[in-house]
There are 2 protein chains.
Amino acid sequence: MKIQQAKGTRDVQAADKLLKNKIVNTFQEIFERYGFMPLETPILERMDTLSAKFAAGENSDALKEIFRLKDQGKRDLGLRFDLTVPLARYVAMNPTLKMPFKRYAVGRVFRDGPIKLGRYREFWQMDIDTVGTSSMLADAEIVAMTAAAFKALDLKVKIKINNRKVLNGILEQAGIKDKESAIIAIDKLDKIGKSGVSEELKERGYTIKQIEAVFSLISPKMTLAQLRKKLTTDIGKEGLQELTDVFSYLKSMDVSQVVFDVSLARGLAYYTGTVFEAYLENGPVLSSLAGGGRYDNMIGNYLGGGRVVPAMGISFGIEPTIDTLKALGKIDGTIKTKAFVIPINTVDESLKVVQDLRNEGIAADISLGKKGVSKNLQYANALSIPYSIIIGENELKKKKVLLRDMSSGTETLLSVKDVVKKLKSLKKTDG
Amino acid sequence: MKIQQAKGTRDVQAADKLLKNKIVNTFQEIFERYGFMPLETPILERMDTLSAKFAAGENSDALKEIFRLKDQGKRDLGLRFDLTVPLARYVAMNPTLKMPFKRYAVGRVFRDGPIKLGRYREFWQMDIDTVGTSSMLADAEIVAMTAAAFKALDLKVKIKINNRKVLNGILEQAGIKDKESAIIAIDKLDKIGKSGVSEELKERGYTIKQIEAVFSLISPKMTLAQLRKKLTTDIGKEGLQELTDVFSYLKSMDVSQVVFDVSLARGLAYYTGTVFEAYLENGPVLSSLAGGGRYDNMIGNYLGGGRVVPAMGISFGIEPTIDTLKALGKIDGTIKTKAFVIPINTVDESLKVVQDLRNEGIAADISLGKKGVSKNLQYANALSIPYSIIIGENELKKKKVLLRDMSSGTETLLSVKDVVKKLKSLKKTDG
């Protein structure tokens, strides 16, 4: 038997898991401050539930990537592949839910897809959504919350905002009929450039004149004011008004790190209005850190019966945020344990000392074996614990302990009270 | 299509999820203070990994309860049914791991079993284990940590401790050969009483004399000192020495809420030494809140090749802890949002106010629709938000806002600064 993880999964060890917990807790506090409350839904869902989204017109490639299974009653189940479908199912099952319903969710999702660098079959998503209002206040609020969440992690982000109605208006003005596939092409502008996108549009049968009409309006430097003069289709004007409202609300909310970017498309088919993405400012852009938009039709399609349930949401990338924090050295993944107590024939007294530290809120460990001092120091080093506290009979006689700085090797004879003081001062400056 | 959850799963709504997050965060802080670090392992595991435990002698009923599935490469996978098997797999895959390895894990596990009251097919476990040392210091440390964890939640618990070697020693002394099945019977003493257990032992073919010999030693009032005089088998004496060490270490650690209980057996077959359970003190005993023990053979059996990897662990019940906190009214499940801002033709100024509150760390919401004041007040009420802040043009002229206490209906004209002060003072006394 070969001992290994399932393909496409991985273990997350202490340093990364501590960082992930810190990010999730920091974000959650901000979400709650903005009035979003947590909702936990199961990982197991009925296949009926998971496939309904696709029946409603979603890309059916994703359907193939669902991990399927049966329970003992032979019921068809699947592992959730996102947090939006369970949200739609929850809204459907709770018709008395007060609207707008503002919830956040953090959890694992599963996709049985091809494995590439950085792509896993089991990974985390963190979603925040406002369901049941078409007011642009909801859009502005989620953008403001996104800015606040990254600020809480000491990350400066720039948030690009666009509106699908504006894109659709531009495409309509250029006489392009299959807007969905054109938007998928435009979504690649960052990666393949204007010439690449032009090539794709040409392949789809559009004329040079049409493509020029598209690029006369879709350009990274296009301002909202310029576009107001040039865009004349009704749907385009509606999108521009929505954008104007969002930017006006964001100004009132004192959120300044937002920019209009008419080239921002976002791949997913279900967006209907605002779309936005957050990037690290002045940093190497590896990928967006968060992104989302308005999807006014998806939940209603799911519910059926002609119900209209407008919604606006964002998904935060936990892994890219971890990678960014590490790359910037903003938070190191240091082990939290501050001291390792090593008794030399003084187990009972040493137990008292380690408990004194813990009761003071200091993370501390004690040697659990019968190893000698040097083996114990090696262990403390391997675990990156910054201080050892050696307690022998000589120290006890003097009512002191020996505090060893593990990086310098310096040893100081101190009272337990002074050790507590020193380790507490350390705590303040440490992540 | 019927819209519902998968059978045996459930949604956890805001109030319960907030409570769960609080419990998990409080516990995690204590675990880390005791030098345990987080490890995240996947939910998907290879069937090879999940079934190896059973090959090693574990109850094979559990094997039938594994949710099985295949990935696109037709590999046999399963959903993890506990957090111990993934720990064993992780230890096996990381041979250079420094021992003792102290880790905690929090996550969902899955069992395709019968559904009873309070039993789900997808539920949470929280495990803390020390791997790689047979020192009773590890056992005492985990018991002390358990006491500290419940204390941090303001719950008084009593921790019952026993040792499987003592039980085996007693059974040996009584001439009982199939110790495993006898221990399963004794485990039910709480539920079916002495007569019920006697009946079960009789059915298994033991004589009245043997059964009397068992109950002469297994009695809730039996002290360690009494047992030392009466128990003469080698294995029993070894267990008594281990218990003596654990109680001595716990005394040094100033952990007083521990009691010896020779009738504590715990059902699982894999325990080899210390077993313990935490119960609410002076409360209605619904179920134990946490329980664990030493399992010195299980990981070694899993690894094979004759490796011996002693281990000691505990599993916390998150759901019973939530239920207990609720029953005692220790933490209410109140929604965190403190204020709901209602603009009356003052959207921009109201956005500034809600941002002022949020920037001060106060969870606040703003009306996202165009509803009237009374509809907005109804919404705030439905969401249990304690205060509304009504901002009309009259209030703005006076540079004030109208703070409405939602329970009394009292309205006070205040500056935003005074609102912040009031809501912050509220925060301190609130869960």
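Numerical summary
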{"read-out": "Filtered residue count, the stretch B:94-115, keeping only those that are in contact with a helix residue (DSSP H, G or I) (Cβ under 9 Å, 6 or more places away or on another chain), outside any strand (DSSP E or B) and facing chain A (nearest Cβ under 10 Å)", "value": "6"}
{"read-out": "Residue list for the stretch A:116-128, filter: open to solvent by 30 Å² or more (accessible area, probe 1.4 Å), within 11 Å of another protein chain (Cβ to nearest Cβ) and in a loop (DSSP other than H, G, I, E, B)", "value": "A:Y120"}
{"read-out": "A:S256, sole failed condition from (1) over 12 Å from A:I161 (Cα atoms); (2) within 14 Å of chain B (Cβ to nearest Cβ); (3) open to solvent by less than 40 Å² (accessible area, probe 1.4 Å)", "value": "(3)"}
{"read-out": "Given (1) open to solvent by less than 10 Å² (accessible area, probe 1.4 Å); (2) more than 10 Å from chain B (Cβ to nearest Cβ); (3) in a strand (DSSP E or B), number of the condition A:V85 does not satisfy", "value": "(3)"}
{"read-out": "Members of the stretch A:164-199 found to be among the β-branched types (V, I, T) and in a helix (DSSP H, G or I), listed by number", "value": "A:V166, A:I170, A:I183, A:I184, A:I186, A:I192, A:V197"}
{"read-out": "Any strands (runs of 3 or more DSSP E) falling wholly within the stretch B:247-364 and containing at least 2 residues that are over 23 Å from the mean Cα position of the chain (by Cα)", "value": "B:339-343"}
{"read-out": "Pairs with Cβ under 6 Å, 6+ apart, first in the stretch A:5-24 and more than 7 Å from every other protein chain (Cβ to nearest Cβ) and at negative phi, second buried (at least 17 other Cβ atoms within 10 Å of the Cβ) and modelled with pLDDT of 95 or more", "value": "A:V24/A:V106"}
{"read-out": "Residues satisfying the stated conditions in the stretch B:153-163, i.e. open to solvent by 10 Å² or more (accessible area, probe 1.4 Å) and either modelled with pLDDT of 95 or more or basic (K, R) (or both)", "value": "B:K156, B:K158, B:K160"}
{"read-out": "Flag for A:I186 being out of contact with any strand residue (DSSP E or B) (no Cβ under 7 Å at 6 or more places or on another chain) and open to solvent by less than 10 Å² (accessible area, probe 1.4 Å)", "value": "yes"}
{"read-out": "Residue check for B:V131: more than 10 Å from chain A (Cβ to nearest Cβ) and touching a strand residue (DSSP E or B) at 6+ places or on another chain (Cβ under 8 Å)", "value": "yes"}
{"read-out": "Candidate set: the stretch B:365-382, residues that are within 12 Å of chain A (Cβ to nearest Cβ) and part of a loop (DSSP other than H, G, I, E, B); chosen: the one nearest to B:K421 (Cα to Cα)", "value": "B:S367"}
{"read-out": "Meets criteria (of a type outside the set (S, T, N, Q), open to solvent by 20 Å² or more (accessible area, probe 1.4 Å) and touching a residue at least 12 places away in the same chain (Cβ under 8 Å)) for B:K194", "value": "yes"}
{"read-out": "Flag if B:A144 is within 14 Å of chain A (Cβ to nearest Cβ) and in contact with a Phe, Trp or Tyr (Cβ under 6 Å, 6 or more places away or on another chain)", "value": "no"}
{"read-out": "Any pair with Cβ under 7 angstrom, 6 or more apart, that starts in the stretch A:163-185 at a residue that is closer than 17 Å to A:M222 by Cβ and of a type in the set (K, R) and ends at one that is in a helix (DSSP H, G or I) and open to solvent by 10 Å² or more (accessible area, probe 1.4 Å)", "value": "A:K165/A:I235; A:K165/A:E238; A:K165/A:E242"}
{"read-out": "Candidate set from the stretch B:26-56 (those that are free of Cβ contacts under 8 Å to residues at least 40 places away in the same chain and more than 7 Å from chain A (Cβ to nearest Cβ)); member that is least open to solvent (accessible area, probe 1.4 Å)", "value": "B:L50"}
{"read-out": "Test: residue in the stretch B:412-426 that is under 39 Å from the mean Cα position of the chain (by Cα), over 16 Å from B:D365 (Cα atoms) and of a type in the set (A, V, I, L, M)", "value": "yes"}
{"read-out": "Single condition A:L79 does not satisfy, out of (1) within 10 Å of chain B (Cβ to nearest Cβ); (2) in contact (Cβ under 8 Å) with a residue 40 or more places away in the chain", "value": "(2)"}
{"read-out": "Single condition B:A62 does not satisfy, out of (1) open to solvent by 10 Å² or more (accessible area, probe 1.4 Å); (2) assigned to a loop (DSSP other than H, G, I, E, B); (3) not β-branched (V, I, T)", "value": "(2)"}
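One line per residue, one yes/no per condition, for (1) in contact with a strand residue (DSSP E or B) (Cβ under 9 Å, 6 or more places away or on another chain); (2) of a type in the set (V, I, T):
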residue	(1), (2)
A:L357	yes, no
A:K370	no, no
A:S374	no, no
A:I385	yes, yes
A:I389	yes, yes
A:K399	no, no
A:T412	yes, yes
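Results for (1) open to solvent by less than 10 Å² (accessible area, probe 1.4 Å); (2) at pLDDT 95 or above, shown as yes or no for each residue.
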{"position": "A:I235", "(1), (2)": "no, yes"}
{"position": "A:R266", "(1), (2)": "no, no"}
{"position": "A:F276", "(1), (2)": "yes, yes"}
{"position": "A:P284", "(1), (2)": "no, no"}
{"position": "A:G306", "(1), (2)": "no, no"}
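The values are calculated or read from the model by the stated rules, or taken from the named source; none is laboratory data. Keep in mind that this is a model prediction, so the values were computed, not measured. Glycine also receives a Cβ, built like all others from the backbone with ideal geometry; neighbour counts cover every protein chain displayed. Accessible surface areas use protein heavy atoms only, side chains included; no ligands, DNA or RNA. Shrake-Rupley method; radii C 1.70, N 1.55, O 1.52, S 1.80 Å.
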